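The values are calculated or read from the model by the stated rules, or taken from the named source; none is laboratory data. Nothing here was measured: the structure is a model prediction, and the numbers come from that model. Cβ atoms come from the backbone with ideal geometry, glycine included; neighbour counts cover every protein chain shown.
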2 protein chains.
Amino acid sequence: MNRTQLLELIRRKKSFLCVGLDPDYNQFPQSLPHTLDGIRQFLSDIIEVTVPHAVAYKLNTAFFEALGPDGWSFFWQITELLPPDVLVIADAKRGDIGSSAAKYAEAFFLRNGKPSRIDALTVFPYMGQDSVSPFLQYEGKWVALLALTSNSGAEDFQLKHLSRGTMLFEEVVLTSQQWGNIDNLMYVVGATRPELLRRVRALAPQHVLLVPGIGHQGGSLAAVAEAALTASGPVLAAVSRSILYASSDNTYKDAAAAAVQNLQEYMKFVLNKTEGTDS
Amino acid sequence: MNRTQLLELIRRKKSFLCVGLDPDYNQFPQSLPHTLDGIRQFLSDIIEVTVPHAVAYKLNTAFFEALGPDGWSFFWQITELLPPDVLVIADAKRGDIGSSAAKYAEAFFLRNGKPSRIDALTVFPYMGQDSVSPFLQYEGKWVALLALTSNSGAEDFQLKHLSRGTMLFEEVVLTSQQWGNIDNLMYVVGATRPELLRRVRALAPQHVLLVPGIGHQGGSLAAVAEAALTASGPVLAAVSRSILYASSDNTYKDAAAAAVQNLQEYMKFVLNKTEGTDS
C-alpha cells in the first residue's frame with residue numbers, strides 16, 4: 001500500500017487507528033482454548049469487530065515466535081485474515097549487516113517469490129544505513145524505523161545529547177531521511193513523551209509516524225494528535241492491549257468493538273479539525 | 001554454558017573460534033541440492049570438520065527466516081546437530097519493550113518449557129535497560145549485546161560523540177554493565193575497527209567479546225587478538241563465509257577443514273602468548 005492509498009484510507013474511514021495483534025496466553029479470554037485454534041478464533045473475532053474502524057494492523061512477531069516452531073506459519077495465516085485494504089505492519093524490529101538484512105527483507109516482504117501481505121516492517125536504526133537500505137528496495141513496502149520508543153529504557157541512549165546538540169533519536173530522524181523518502185520510510189515514535197513526538201513531527205513534517213504506547217502504556221490519544229497530526233503529516237496510532245484485552249471473559253468481542261468505536265469517534269473529530277490546516 | 005566452562009573449553013581446544021552458520025543458496029556448493037536437505041547435509045559436514053577446533057557456533061536467524069515458514073523448525077534441527085560442549089549463539093538481533101522482550105526470551109531460551117540449546121542471543125541496546133533485562137533472567141544464558149558492529153553503517157550513530165565525550169558504543173558498554181555481569185553479558189564488537197575494539201576491552205576488561213567481521217568483511221585475526229585478547233578478557237572470534245564458502249564446489253568440506261585448522265593454529269599461538277599476561 002502506497003502513501004496515497006493510505007491517506008485515502010484514513011480519509012474514508014475517518015480513522016488513523018492501527019490495531020496491535022499481540023496474542024498472549026497470559027491475558028487471553030478464559031472462555032477460549034489456549035491453543036493455536038483458540039488464538040485464531042480470538043484474532044479473527046478481534047479483526048471482525050475492529051476492521052470497520054482500523055486502517056492498519058500491527059503484528060508483533062515476539063508473540064508469534066513464542067508460540068514455538070509453528071508460530072511462523074501461524075503468523076502468515078493471521079495475515080491472511082486481514083482484508084486487502086488495510087496496511088499490515090510486521091513489528092519484528094529487525095536489522096543486521098547488509099547481506100543479512102537482505103535475507104530478513106526477503107523473509108518478510110516476499111512469499112514464494114511474490115510480494116507478501118506485509119506492507120511495513122519495524123527496523124532498528126542502530127547499525128546505520130547499510131542495515132536499513134536493503135528493506136527499502138521493495139516497491140510499495142515500507143520501513144518503520146525505530147526513532148523514539150515508548151518504554152522507560154528510551155532514556156538510556158535515545159535521549160542522550162550528541163556533541164552537536166541534538167538527541168540521538170533526532171539524529172536518527174535527520175540522518176535516515178537521506179536513506180528513504182516519505183513513500184517508503186515511516187518513523188516509530190512512542191506516545192509516552194508527546195513533547196518529543198512534537199519534535200519528530202517538526203523534523204519530519206510529511207513522514208507517516210507510527211505511534212505506539214497509547215492506552216495501557218500511558219500515552220494519550222489527544223496528546224498524540226495534538227503533537228503530531230497535521231493535514232500533511234499522517235499518524236498511525238497503535239493500540240494493542242486496550243482493545244484486545246478490554247475484557248478478559250467472553251464479552252471480549254463487544255468490549256473490543258466498544259473500545260475501537262470510542263477511539264474512532266475521537267479520531268474522526270480530530271481529523272475533521274485538522275483538515276485544511278497544515279501545522 | 002557458564003563463563004568458567006567457556007574458559008575451560010577455550011583452554012582445552014586452544015581455540016576461540018566461533019563458526020558462523022549462515023546458509024545461503026546464493027553461495028552454496030553447486031554439488032548439493034538447493035533444498036533444506038541440501039542445507040542440512042552442508043551444515044552437518046561443516047560442523048563435522050570444524051568442531052574439533054571451534055568453541056562456539058553462531059546461527060544467524062536471517063538466513064533461516066528467509067527459508068520460509070519451515071525455517072524456524074529447521075533452525076532448531078540444526079542446533080541439535082551441535083555437540084553439547086560448544087557455546088551456541090542465536091544471532092537474531094532482537095530487542096523490544098519489556099513484555100515483548102520477555103516473549104522473545106521465551107522463544108529462544110526455552111523449548112517445551114525447558115532450557116533450549118541456545119546459550120546466547122544477540123540483542124540491540126537501542127531501547128535500553130528494560131528491553132534487555134528480560135533476556136538476563138535465564139540461568140546460564142547470555143545476552144550478546146551489540147556495541148560496535150562491523151559494517152560501514154556503524155559510523156552513522158555508534159561512532160557519534162555524546163555531549164559528555166564518549167562515543168555511543170562506549171556509552172552502551174558503560175551503561176549496560178549495570179544491567180548484567182561478566183557471567184551473563186557479552187559484547188558484540190566488530191573486527192573491522194581494531195583501535196575501537198581496544199577501547200571496548202579497556203572499558204570491559206573481563207567481559208567476553210564476540211567479534212564478527214573477520215575474513216570476508218576485512219577484519220584481521222591478528223589485529224583482533226592484539227587489541228582485545230587478554231588473560232582475563234576472553235574473545236570469541238566469529239568467522240562465517242571464509243569457512244563455509246572457502247570452496248564453492250564439492251571440495252567445500254576439505255576447504256572448510258583447512259580454513260579452520262589455519263585459524264586454530266594461529267589461535268593456539270596467541271593463546272599461549274597471552275597466558276599469564278593480563279593486559
Report whether or not B:THR251 is more than 14 Å from chain A (Cβ to nearest Cβ), of a type in the set (Ser, Thr, Tyr) and in contact with a Leu (Cβ under 6 Å, 6 or more places away or on another chain).
no
Do we find that A:ALA92 is under 30 Å from B:ALA62 (Cβ atoms) and modelled with pLDDT of 95 or more in this structure?
yes
Positions within the range B:111-137 being under 19 Å from the mean Cα position of the chain (by Cα) and in a strand (DSSP E or B), in sequence order:
B:ALA120, B:LEU121, B:THR122, B:VAL123
Select from the range A:118-130 the residues that are on the phi < 0 side of the Ramachandran plot and either crowded, with 24+ Cβ neighbours inside 10 Å or in contact with a Leu (Cβ under 7 Å, 6 or more places away or on another chain) (or both) and list them in ascending order.
A:ASP119, A:ALA120, A:LEU121, A:THR122, A:VAL123, A:PHE124, A:PRO125, A:TYR126, A:MET127
Scan of the range A:220-279 for residues that are polar (S, T, N, Q) and part of a helix (DSSP H, G or I), ordered by number:
A:SER242, A:GLN261, A:ASN262, A:GLN264, A:ASN272, A:THR274
Before we move on, is A:LYS160 among the charged types (D, E, K, R) and either within 15 Å of the chain's Cα centre (by Cα) or buried (at least 19 other Cβ atoms within 10 Å of the Cβ) (or both)?
yes
Examine the range B:115-130 for a residue that is facing chain A (nearest Cβ under 9 Å), modelled with pLDDT under 95 and either touching a Phe, Trp or Tyr at 6+ places or on another chain (Cβ under 7 Å) or closer than 20 Å to A:GLY71 by Cα (or both), and state whether such a residue exists.
no
Return the residues of the range A:158-167 that are more than 8 Å from chain B (Cβ to nearest Cβ) and either closer than 17 Å to B:ALA147 by Cβ or outside any loop (DSSP other than H, G, I, E, B) (or both); say none if nothing qualifies.
A:MET167
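Looking at B:THR79, B:THR61, B:THR50 in this structure, which one is within 16 Å of B:MET267 (Cβ to Cβ) and modelled with pLDDT of 95 or more? I'd like the intermediate steps shown before the answer.
Details: B:THR79 fails: within 16 Å of B:MET267 (Cβ to Cβ); B:THR61 fails: within 16 Å of B:MET267 (Cβ to Cβ).
Exactly one residue qualifies, and that residue is B:THR50.
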Which members of the range B:201-216 meet the condition of being buried (at least 19 other Cβ atoms within 10 Å of the Cβ), assigned to a loop (DSSP other than H, G, I, E, B) and modelled with pLDDT under 95?
B:GLY213, B:GLY215
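Just need a number here: residues in the range A:80-101 that are crowded, with 18+ Cβ neighbours inside 10 Å and either over 24 Å from B:SER73 (Cβ atoms) or in contact (Cβ under 8 Å) with a residue 24 or more places away in the chain (or both). I'd like the intermediate steps shown before the answer.
So the first thing to find is which residues in the range A:80-101 are crowded, with 18+ Cβ neighbours inside 10 Å, and the list is A:82, A:86-97, A:99-101.
Checking the rest, the ones that are also either over 24 Å from B:SER73 (Cβ atoms) or in contact (Cβ under 8 Å) with a residue 24 or more places away in the chain (or both) come to A:82, A:86-97, A:101.
Qualifying residue count, the range A:80-101: 14.
Which one of A:ARG198, A:ARG241 is closer than 21 Å to A:ILE47 by Cβ, of a type in the set (Lys, Arg) and surrounded by fewer than 19 Cβ atoms within 10 Å (Cβ to Cβ)? Don't jump to the end; show me each part of the working.
Values: A:ARG198 fails: closer than 21 Å to A:ILE47 by Cβ.
Unique residue meeting the criteria: A:ARG241.
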Please work out which one of (1) of a type outside the set (Val, Ile, Thr); (2) free of Cβ contacts under 8 Å to residues at least 60 places away in the same chain; (3) out of contact with any His (no Cβ under 8 Å at 6 or more places or on another chain) is the condition A:PRO234 fails and give its number.
(2)
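Does B:LYS93 qualify as being within 24 Å of B:VAL188 (Cβ to Cβ), under 20 Å from the mean Cα position of the chain (by Cα), among the charged types (D, E, K, R) and facing chain A (nearest Cβ under 9 Å)? Walk me through it before giving the result.
Details: within 24 Å of B:VAL188 (Cβ to Cβ): yes; under 20 Å from the mean Cα position of the chain (by Cα): yes; among the charged types (D, E, K, R): yes; facing chain A (nearest Cβ under 9 Å): yes.
Considered against the rule, which asks whether it is within 24 Å of B:VAL188 (Cβ to Cβ), under 20 Å from the mean Cα position of the chain (by Cα), among the charged types (D, E, K, R) and facing chain A (nearest Cβ under 9 Å), B:LYS93 comes out as yes.
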Exactly one condition in (1) at negative phi; (2) more than 14 Å from every other protein chain (Cβ to nearest Cβ); (3) within 18 Å of the chain's Cα centre (by Cα) is false for B:GLY140; which is it?
(1)
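Residue-wise test of (1) within 9 Å of chain B (Cβ to nearest Cβ); (2) within 20 Å of B:GLN129 (Cβ to Cβ); (3) at pLDDT below 95; (4) not in a helix (DSSP H, G or I).
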| position | (1), (2), (3), (4) |
| --- | --- |
| A:ALA144 | no, no, no, yes |
| A:ASP156 | yes, yes, no, no |
| A:GLU170 | no, no, no, no |
| A:GLY180 | no, no, no, yes |
| A:ASP183 | no, no, no, yes |
| A:LEU196 | no, yes, no, no |
| A:ARG199 | no, no, no, no |
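For the range B:35-70, name all the residues that are within 14 Å of chain A (Cβ to nearest Cβ) and either of a type in the set (A, V, I, L, M) or surrounded by fewer than 20 Cβ atoms within 10 Å (Cβ to Cβ) (or both). Spell out the reasoning first.
Kept after step one, since they are within 14 Å of chain A (Cβ to nearest Cβ), are these residues of the range B:35-70: B:36, B:39, B:58-70.
Hits for the range B:35-70 are B:LEU36, B:ILE39, B:LEU59, B:ALA62, B:ALA66, B:LEU67, B:GLY68, B:PRO69, B:ASP70.
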Could you identify the single residue in B:SER31, B:SER100, B:SER15 that is more than 19 Å from the chain's Cα centre (by Cα) and closer than 20 Å to B:ALA120 by Cβ?
B:SER100
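Would you say A:SER133 is closer than 20 Å to A:THR61 by Cβ, out of contact with any helix residue (DSSP H, G or I) (no Cβ under 7 Å at 6 or more places or on another chain) and surrounded by fewer than 24 Cβ atoms within 10 Å (Cβ to Cβ)? Walk me through it before giving the result.
Details: closer than 20 Å to A:THR61 by Cβ: no; out of contact with any helix residue (DSSP H, G or I) (no Cβ under 7 Å at 6 or more places or on another chain): yes; surrounded by fewer than 24 Cβ atoms within 10 Å (Cβ to Cβ): yes.
Answer is no for this residue.
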